[in-house]
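Here the structure comes first, spelled out in structure tokens, and everything after it is commentary.
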Amino acid sequence: MLNEESLDTELVEYLRQDHIEAYDLIFKRYGVKLFSFAMKYLKSREESEELVQEVFLKIWENRKNLKKEYSFKSYLFTLSYHQLCRFFRKRNYRLKLEKELSVLSPGSYSMDDRLDYQSILEQVDLLIDKLPPRQKAIFVKSRKEGKTSREIAREMNLVPGTVDNQISDALKFIRKNLGNNLAHMLFITFFLQ
């Protein structure tokens with residue numbers, strides 16, 4: 001009978017060889033535990049499920065680079081921790097924007113405010129789609145996925161300075177094409193910066 005660490009080592013070895021059964025077993029061993037961990041912090045079933053999916057997707061994408069001599073549990077925890085941080089960064093962007101908008105118009109948002117906000121989101125998404133492919137990928141990873149410049153640089157084999165320049169250029173493009181009304185400027189300042 002294998003102990004837990006030996007079983008993980010064996011499963012990682014099979015996973016590195018593209019055995020989907022090993023992936024399924026790893027998911028069965030850790031999926032529910034990871035979901036419970038995420039629920040404790042996120043307090044959202046939907047976000048917790050998304051976190052589990054993201055973590056296991058990364059495990060599958062990086063299966064060839066897994067090191068069987070290292071603790072798989074530690075690797076899983078590290079992935080989960082970084083994904084959890086991304087979720088909180090995304091939440092903070094939204095909360096920051098909502099807080100700033102509430103200062104300008106105290107009380108609850110009217111239907112017009114919600115429509116304006118939705119309209120701005122749609123305009124920004126259209127502008128993001130017009131960015132050059134690499135710049136768009138970098139910008140989406142940064143602003144929508146909440147990844148740091150270093151994480152993006154590592155993922156895309158770039159220098160962090162290049163990532164920062166691409167984000168800066170994307171922001172300039174969006175600012176220039178979004179217009180100068182107050183709602184647009186607030187959106188850029190609090191959501192995209």
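Just so you know, all these numbers are worked out from the coordinates, no wet-lab data involved. Treat the numbers as computed from the prediction; the structure is a model and nothing was measured.
If the reach is capped at under 12 angstrom between alpha carbons, list the aspartates and glutamates near residue 33, excluding any in the same chain fewer than eight residues apart.
49
Is the shape of the range 1-63 rounded, prolate or oblate, going by the alpha carbon gyration tensor and its root eigenvalues a ≥ b ≥ c, with a/c under 1.5 for rounded and a/b larger than b/c for prolate?
Oblate.
Mind scanning 90/147; 43/73; 28/58 and naming the pairs with a C-alpha gap bigger than 20 Å?
43/73
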